[in-house]
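Read through the structure below, which is laid out as structure tokens, and then see the notes.
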Amino acid sequence: MAMDWSITLPDGLAQPGRYAVRSDYALAAKVSAALKDDVDADVRPIPELSGLGVRDGVPPLDLLLGLGRLTSALPGLHRVGAGGMPGLTALRTASRWAVIRYLWAFADSRPDLRLSRLTNEVRFHQRTLLSESFGIALAADLIERHVLSGATRVVDADAVSYDPVLAVDMAELRSHKPDYFWYRVTDDRLSDVVVVEVKGTTSGISRCVQQMARGVEQVLVPAHIHGVNMRRIVVGTELQNGMLKAFAVEVAEPEEALRRQAYEVVRGREFRRPQVADDLVAVRFREEVTEESAAEDSRYLDQVRLHAFAGVPVTDASMFTGSPLVRNLLASREVVVADDITFRCQTSRLEFDDRLLTVRTGVADEFLSSTDAYRSEGSAERRLAYRQRRAVGDQRPVRGVSQETGTSVPVATAGDGCMVAVSFEER
């Protein structure tokens, strides 16, 4: 029986739609040709996406949730920024902003996930913002629904410090480093890593291919992690006439010489090219990262991201030794129960005509911790069980209930335990 969300949810956000997906040998050949002679990379279609054609059953609320989650996947959350404001304060606002910012963007018509007429009218002044934001949302959807089927974590590439050698090189790449690292954990060990670069354009397929070629060079740079299956993927998004279309290719695991070649090409695009001795670069590119160090960092950064999304600040000390402040903040967060799971949420209310638009972003209680308990055996299995509970083929929002107000709200969830609820409430 279909559920009626019209009373509580802005029109169309929960109604599933579809967007086009392309990953084939013809696309891979175009991207490879756009590399010219800069990098001799083996560009391929992604097996999990090559026969897809259309990604169906996707509510806009799910895409907004993905965008919000990845917005909080950054480091340095406890550092003080402008006006003495801790970085986390701005960042957790940004996570909700990523949801709120595009509530208006989707058209009500289906089956295609079309953007609204208003979105198309402002795209010339906001083309970069629009294309990048929806590129991130589609990349999260494709990677987590089709490429990595297990218990996943995701961090922004700016946060990756598992390799003291690579961290220096990544810093030198500045804006030309890849965007995200997705991790899969099996039996509480790091088993898979996917390096992802996201590109977006409103200027057509030719421009998208050129951008993806740049992305291929970027994903080649990160070091290999010993004993871990590592994949390198570029996702491009084209936004034309209100229609979303995703393009995706994969790059074969590179040899040391190719990684170094890509590094030099990408680093050379900086206006001021850093000078690094050839022998030092050679040493850096011969080294591999250990699975243990990568796993430790991914666990820590995963918890930082989840706490940020729930609106709880953390520091190195509070993460590893526990903090009364963190525990008290978790206890004070609004509780929403959906699918028999308890979520700790941060809530924002905005005036909207004669009603209040309420946006809740939160994380399943069992995945939040103010101690190192999140590293206990079985944590990956618990997350996998949660993901399987929300089947890949049925990601429509479900009913949740706020324990604070008794309000019934539509809740969209992700496999990492994050959720978002958007509703109208009377004043």
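The values are calculated or read from the model by the stated rules, or taken from the named source; none is laboratory data. It should be emphasised that the depicted structure is a prediction, and the values quoted were computed from it without experimental measurement. Using ideal geometry, Cβ is built from the backbone for each residue, glycine included, and neighbour counts are taken over all protein chains shown. With ligands, DNA and RNA removed, areas are computed over all heavy atoms of the protein, side chains included. Shrake-Rupley method; radii C 1.70, N 1.55, O 1.52, S 1.80 Å.
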Seminar exercise, completed: Among residues of the stretch 108-152 being at pLDDT below 80 and aliphatic (A, V, I, L, M), the residue nearest to residue 416 (Cα to Cα) is 151
For this session: Scan the stretch 306-319 and report the pairs whose first residue is on the phi > 0 side of the Ramachandran plot and whose second residue is modelled with pLDDT of 65 or more and in a loop (DSSP other than H, G, I, E, B), with Cβ atoms within less than 7 Å and a gap of 6+ or a chain change.
Result: 311/333
Exercise. For residues in the stretch 193-213 being at pLDDT 90 or above and outside any helix (DSSP H, G or I), which is most open to solvent (accessible area, probe 1.4 Å)?
Worked result: 199
Problem set entry | Search result, residues across the stretch 161-192 that are in a loop (DSSP other than H, G, I, E, B) and modelled with pLDDT under 75 | 161, 162, 163, 188
For this session: Can you confirm whether the stretch 341-354 contains a residue that is part of a strand (DSSP E or B) and at pLDDT below 75?
Result: yes
Seminar exercise, completed: Residue set 323, 348; condition surrounded by fewer than 20 Cβ atoms within 10 Å (Cβ to Cβ) and touching a strand residue (DSSP E or B) at 6+ places or on another chain (Cβ under 9 Å); output residue 348
For this session: Return a yes/no flag: does the stretch 214-223 have any residue that is in a strand (DSSP E or B), charged (D, E, K, R) and crowded, with 24+ Cβ neighbours inside 10 Å.
Result: no
For this session: Take the stretch 188-237 and flag every residue that is in contact with a His (Cβ under 9 Å, 6 or more places away or on another chain) and among the charged types (D, E, K, R).
Result: 214, 217
Problem set entry | Residues of the stretch 21-60 satisfying the condition of being open to solvent by 30 Å² or more (accessible area, probe 1.4 Å) and hydroxyl-bearing (Ser, Thr, Tyr) | 25, 32, 50
Exercise. Which of the residues spanning the stretch 43-64 are in contact with a helix residue (DSSP H, G or I) (Cβ under 8 Å, 6 or more places away or on another chain) and either at pLDDT 95 or above or not in a loop (DSSP other than H, G, I, E, B) (or both)?
Worked result: 43, 44, 45, 46, 48, 49, 55, 58, 62, 63, 64
